Each structure stands twice: as structure tokens, then as C-alpha cells.
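Reading through the C-alpha cells given below for one structure.
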Amino acid sequence: MTTYAPVRQKTGAGPRPRPRILLMLVLIAAAMPVRIASSVPGVKSVSVLDVLLGVVAVTLFVDSALKPLDIGYRKLFVLLCIPAFICGMSMLWTQDPDATLRATIVYVEGIVAYLFVVRELSGVPPGRVMTYIKRYSYLLIVPAVLLLLHVPGFGPEEAGLSLDSDRYLSYYTRLSHPALGPSNNLATVLAFFVPLLLYWGHVRHDRRFTLAGCVALVAVVCTFSRGVGLGLLTAAVLAGLGSLVRRRRFGSRISGKIVAAVASVVTAVVLLYQLNPDTQEFSGSRFSLTNVFIRSQFAVEAIEKIAARPFLGYGGGTAPDEVWELARVHNTYLQQMVYFGVLLGVCVSFALIGTAVFFFSRWRTSRVARVVGFTLIAQLFVFAVESSFEGTVLRVLFYLSIGLATAVVRASERCQGQTPQPEPVGHPIRGAAPCLAGGFTGAHPAAPPSGGRTRDTRAHRRARHPGAHNV
């Protein structure tokens, strides 16, 4: 029998976490990017988020003069910079220099948001990072609920929107966002955090994160976004099959949570349909195939434009030959070929796919990295059926979300590497120490409290040989 010496833990409250006021301001602005100017030359409109990111860019520039910038993972940062570099390079052949300049500025803002989040959350424990993600998720949902309740000041901010148009009414038939736009936009942003919150609540046995994940999931379903729903379902099925292959069983605790989540979603949808008259009147269009046929036609026209200029495309953010419907063909991968030609468009698409591959490659050092990988699979699926990546604000929020996910993975890896290993008393055993087995994930019992003793019941007992007196 092997007995482990107790692991001494620091007592006391310890230092309080440093308040990150600028980070919270950026998250609030990202959750509600209200426009403060709508006729700015060159960029058309400016939001509160744009202003804050300008301030953040100045702080990053000052920091770079004092020390090297923290770019997170070098390979991931390169993947995120590839689309921005290609978009800026397309200024050399674009049909619309103003549109390409705006698209390049949006990419730069996204990179600034990523670098800022990585810098601010460097050295922060993983639980603290997840707290920021939980707060951001709620901040995204609150304006959408206030819009649905017709609260003054939270109406749609979309420019040139007629009050009697079908698009205006669609804001009130399903969960939409006053600043981010219709339901699909809100669903795409929220879907990034649903797997992370549910996973963290499960492995940490923390109902606050489980509740936040369920609320975010209910909000996504109440948007009636078919593409995002299918993306999350695809990622969930792949994750479940992977877990089933590795463990050859499905835990009863997980099954119970799945049943509870499905029941919550069904209840929320029924209540929305019964209590909101607009939903009853206009929700039928979400289940028709009209939009599918329209988007299929966009894809056919986009392929024709690609065939006309297959090598360099028409330039980032450009409507080819002023066909404005093809500025967003509801397929990100096809859209990149319209913008940059076949070769460069494929490079941008591979860079996006590479982000998911990168996080999957780190699953051995951080289990949460695997969850981020499946999250990005859902996002990549959404990019194939919607134009979410082409939205100016949504692209910035995608980069910001990648920064939050990077912070969680880095923190969990650091926490796993710094977990103290108890010194065994007696002969060594195979495998990890009990306090290290669960690591930061909480999948296994945690380390014993100070003064406690842990016994390894799985280790082989030493054979007892009779002594001189047969004892």
C-alpha cells in the first residue's frame, strides 16, 4: 500500500484578482456595439466598440515598445493573420478600393481584439477566464430579450429599415439583437460559448456555468437559426461519438443533463410561440425552403463570377461588377474565392479550418482545447451556410471569441503544469498522482485537503513474508 504525504496548500484568502476594467468595457461594447456615427467617410459607420478598440490599439502599441507582444500561440496567430494579409494585398487589384479598405480595417480590428484579450487574461486562472465568458454571454442575451419585449431604446439599429417591412418584423418574431442584427447573427456569436459553458459546468460541478450554458443554448434555439442549430448538433454528435469510442460508455449524469437541456429548449420554444403573437404569425417562413432556393441561386451566380476572374477575384469586401447580392453569398468559403480568386480564397478557407485543427492538436495538454475544437467545427459549419463571417462586427467578435478561447486553453495548460505532485512514501507506483489525475478539469477527485492522506487502493500490495516467529 502506498501512502502519499499530505500536500500543503496555502491558507487565507490570498490576493484578490486585479480588476480588468478596460476588458469589461470592451466586452460590454462587444455585446452592444451601438453606432455613434453613421456617415463617416471611408468606413461608413463607427460604433462604441470601434472607439474602444482604437484605444486598445494604442495601449498595445505602447506595450510593444516596452516588451514583445503576447500573441498567444504563434501558429494560431499566423492563421488569424493570413486572411487579413490577403485582404490587404487585394487592394492592388480590387474593383472597389473603399470596400476593400473597410474589409481590411475590420480584419485589423479583429486582430487587435484578439491580442487585447490574450494580453489581459494572461496569467489569469481558467475559472476566472470562464467567468468573463459567462458574463459576456449574458450581456449578449439581455439586449435581445429587451428587444423582444419592445423596451424603448432597444429597437433595431439597422440603417434604412422600414417599419412595415418583413425584415423589421422578423426582429420581433424570434430572438434577435438590436445592434448585431437579425437572429442568425446573435445565434452565431452565442453558439461559440455554449459548448464551453456546458463543459465547464459539467467537469467542475458548477451549476452557475451549467445554467449559463443552458440559457445560451435556449437563446440560440429561440433565434430559429437553422444553420447554427445544425452546426451545434453536428459538433455535439461528433463529440459524443468521440467520447463513446474512447470510453465505450455514456455516463448517466451526462444523459440526465441532456434530457434536462432538451426539456428546457422545448419549453422555451413553446412559451415563445404561445406568448408572442408575432411569432405565431410570421414564424412559418423559417421552416420553408424559399431561403434555401434563393441562397442556392446566389451560389450559382457566385460560381459564374469566379469563373470570370478565377485568379485574383474582385477584391476583399467587393460586390463583383456591382452585383450587391453577391457581396454576401451565404457561404464563407465560396465568398473568399469571389473576393480573392480560387487559390487565395482556398488559402483563407484553410486558415479558418486550421484554427479548429490547431486546438484539436493540443487536446493532450488541455482537455478544454478539444471542446474549443468542436466549437470551431460548429462555427465552420455555420460559415458554409450563412454569411456570418462577412459581417463587419461579427468578424471582430469571432476574433475576440478566439482570444477568449485561447485564454482558457493557455490557463488550463498552465494550471495543469503547475499542479503540485505529492511525494510518495514507500515504493513508487505507475500512473499520475491522485491530485494530478483530474488536473484542472475536475474529471477526477481533487487533491486532499491540507493534513489529509490519500491511499492508492489500486497499487499492488507488497507480499508479506513470514518472519522468524511466523508473524
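With a point put 7 Å past each Cα toward its Cβ, work out how far Lys44 is from Arg128 in nm, to one decimal.
3.9
Sticking with the crude label model, points 7 Å out along Cα→Cβ, report the distance from Tyr73 to Arg135 in nm, one decimal please.
2.6
Could you report the accessible area of Asp96 in Å², rounded to 10, computed with a 1.4 Å probe on the protein chains as they sit in the structure?
My reading of the accessible area for Asp96 is about 40 Å².
If you roll a 1.4 Å probe over region 314-396 with all protein chains in place, what percent of the accessible area is carbon or sulfur?
66
Within region 146-173, what residues put their amide N at less than 12 Å from the label point 7 Å along the Cα-to-Cβ vector of Glu281?
164-166, 169-170, 172-173
Could you calculate the contour length gain from Ala260 to Ala384, that is, 0.36 nm times the residue separation minus the distance between their Cα atoms, to one decimal place in nm?
41.6 nm
Identify the residues of region 82-126 with backbone N under 16 Å of a label point that sits 7 angstrom from the Cα of Glu322 along the Cα-to-Cβ direction, or state none.
95-99
Modelled label-to-label distance, Val58 and Gln274, 7 Å Cα→beta-carbon offset: nm?
Modelled inter-label distance: 5.4 nm.
In Å, the Kirkwood hydrodynamic radius of region 190-243 over pairs of distinct alpha carbons?
Evaluated on region 190-243, it is 11.4 Å.
The values are calculated or read from the model by the stated rules, or taken from the named source; none is laboratory data. Remember, predicted model here, so these are calculated numbers, not experimental data. Neighbour counts run over all protein chains shown; Cβ positions are idealised from the backbone, glycine included. These accessible areas exclude ligands, DNA and RNA; they are computed on the full protein's heavy atoms, side chains included. Shrake-Rupley method; radii C 1.70, N 1.55, O 1.52, S 1.80 Å.
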